[in-house]
Amino acid sequence: MSNGTVLVSGAGIAGPALAYWLSRRGFTPTVVERAPALRAGGNAVDFRGPTHLRVLGEMGVLDAIRQHQTHMRDLAMVDEAGRRLVTLPAAFASGDVEIERGDLSRILHEAAKDAAEFVFGDSIASLTDTPDGVDVTFERGRPRRFDLVVGADGLHSRVRALAFGDESRFLRFHGHYVATFAAPNHLGLDHQGLIFSEPGRAASVASARRPEEATALLMFASRPLDHDPRDVAQHKAILAERFAGMGWEVPRLLEAMRQSPSLYFDAVGRIDMDRTSRGRVVLLGDAGYGGTLGGQGTGLAVVCAYVLAGELAVAKGDHRAAFQRYEARIRRYARRCQQGAKRVGSFFAPPTRVQLALRNAMYRALTSRPLSRWFEKMVTSAASDLVLPVYPA
Ligand SMILES: Cc1cc2nc3c(=O)[nH]c(=O)nc-3n(C[C@H](O)[C@H](O)[C@H](O)COP(=O)(O)OP(=O)(O)OC[C@H]3O[C@@H](n4cnc5c(N)ncnc54)[C@H](O)[C@@H]3O)c2cc1C
């Protein structure tokens, strides 16, 4: 017998992870994804520390993730001539296991697809919360009723907008924008990454799984931009203007950016909400506590999916109690992980030459022998700062 029907909006990372756990806990999940298929884009994402690894292990996906891991070695800060200034160890940038976001999304979908209904190319249009269920209309499909609705539809969540209000109330901008895209591996990087920074802007390039291909990242400091999140041509024009005249590899990266069919461009920021549930609707992953880059969004999404499904099962139909316990368990953990997003802008692109020099000196010290073990511990401590509850099978 089913514990109830749950509609999950978004088949990125949090959505398939939750669908997997809901089906294991006796629920009947349906996942609706706006894109016509799983979205392949994005940089490498990482998992670090025992909390992340335990959840992936219990899902039975850790081996598949290890088979596809990037095996990145180090990440170096370089000057304009390409000379290494500081070398950061793999644990800093790539955690315990790093994987391309597209590979991870596919592995999680594989794990969930036989136990959940997946609907691609559609989106929730409206939600009406009633005492007995949520009436949902879709942009394309027929209206349906579900016991619960989960918004796992990313930083710009439709479910959050419908159930809680406009995103401007919750999205805190951290003063930088980030873009990622694929580029040719002109520098012949072999499981390595490089960062070149100038005050207020930075370019990074890394190559791991496919020797001919690299992933590029551009980051720049800015006031909030009045841009259309879906207008890729506009994003490309903004990037071309902001990175004009920058040296090192940047002219070649801008050329790759112009050609790129899958540019990821977003503000660096975090979602800040007092509550992530209302009535029969709850938020998971970036939709509820996203932190863009540096906010450990991927590990957080997978861990919180485990907790949400577990609490729903334990509550035996009392969704209010389940949502309260879910929020109480993850609030502090999510906040701590999100803090990283605040610092990521000044890590890549410190605002002045003096701060750039200070950054380099600080990381040189942190990666030196006496401090390196402490440094490695420090970069995994937020990700491990949750005692995982054990839920009955
Ligand atoms: C294409 C892409 C590239 C990314 N690249 C990076 C990166 O390079 N570095 C980084 O740190 N983070 C990146 N992220 C964010 C990262 O994946 C998340 O921080 C993290 O994995 C949490 O996952 P999530 O499932 O909550 O959100 P996401 O991974 O963002 O997934 C949300 C999903 O919801 C879908 N969706 C959105 N709106 C609707 C709607 N109205 N109806 C139905 N579905 C909807 C999206 O298409 C997406 O599949 C990227 C996200 C995407 C979608």
The chain, dipole about Cα centre (Lys/Arg Cβ +1, Asp/Glu Cβ -1), debye to the nearest 20 | 960
Rounded to the nearest whole Å², what accessible area per residue is found for the chain with the 1.4 Å probe?
-> 44
Given springs between every Cα pair under 10 Å in a Gaussian network model of the chain, which of Asp46, Asp114, Asp103 has the largest fluctuation?
-> Asp114
Place a +1 charge on the Cβ of each Lys and Arg in segment 1-134 and a -1 charge on the Cβ of each Asp and Glu, then give the dipole magnitude about the Cα centre in debye, rounded to the nearest 20.
-> 240
Using amide H atoms built 1.01 Å from N in the peptide plane, name the residues 5+ places from Leu85, or on other chains, whose amide H lies under 5 Å from its own.
-> Met77, Val78, Asp79
Total formal charge among the other residues, if their Cβ is under 14 angstrom from that of Arg353, Lys/Arg +1 and Asp/Glu -1 = -1
Considering the chain as a Gaussian network with a 10 Å cut-off on Cα pairs, which listed residue, Leu189, Leu171, Leu284, attains the greatest mean-square fluctuation?
-> Leu189
GluC sites (Glu not before Pro) within segment 179-284, DSSP loop, no more than 11 other Cβ atoms inside 10 Å | Glu212
Restrict the search to segment 275-338; then list the trypsin sites (Lys or Arg not before Pro) that DSSP places in a loop and that have at most 14 other Cβ atoms within 10 Å of their Cβ.
-> Arg275, Lys316
Among Pro251, Leu217, Gly291 the positive-end extreme of the charge dipole of the chain (Cβ point charges) = Gly291
Roughly speaking, to the nearest percent, how much of the chain's 1.4 Å accessible area is carbon and sulfur?
-> 51
What helix-only [θ] at 222 nm does the chain give? Using -39500 (n - 2.57) per DSSP H run of at least 4, over all residues, to the nearest 500, the answer is -12000 deg cm²/dmol
Reach of Lys377 by Cα under 22 Å, taken over lysines that are not fewer than 8 positions away in the same chain = Lys342
Restricting to Cα pairs under 8 Å and 6 or more apart, the percent relative contact order of segment 174-268 works out to 40
Cα-based Rg and Dmax for segment 174-268, where Dmax is the largest Cα-Cα distance (Å) = 12.8, 38
Hydrodynamic radius by Kirkwood for segment 254-352, inverse mean 1/r across distinct Cα pairs, in Å, is 15.1
What residue among Phe120, Gly12, Leu62 has its Cα farthest toward the positive end of the dipole of the chain, where the charges are +1 on Lys, Arg and -1 on Asp, Glu, each on the Cβ?
-> Leu62
Please state, to two decimals, what the Cα-based radius of gyration of the chain comes to when divided by 2.2 N^0.38 Å (N = residues).
-> 0.98
Gaussian network model of the chain, Cα within-10 Å springs - most flexible of Gly310, Gly245, Gly151 | Gly245
Treating the Cα atoms of segment 313-393 as identical point scatterers in vacuum, please give the log10 of the normalised Debye intensity I(q)/I(0) at q = 0.16 Å⁻¹, two decimals.
-> -0.78
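The values are calculated or read from the model by the stated rules, or taken from the named source; none is laboratory data. Being a predicted model, the structure only gives us computed values, none of them experimental. We place every Cβ from the backbone using ideal geometry, glycine too, and count neighbours over all the protein chains shown. Please note that ligands, DNA and RNA were not included when accessible areas were found on the heavy atoms of the full protein model with its side chains. Shrake-Rupley method; radii C 1.70, N 1.55, O 1.52, S 1.80 Å.
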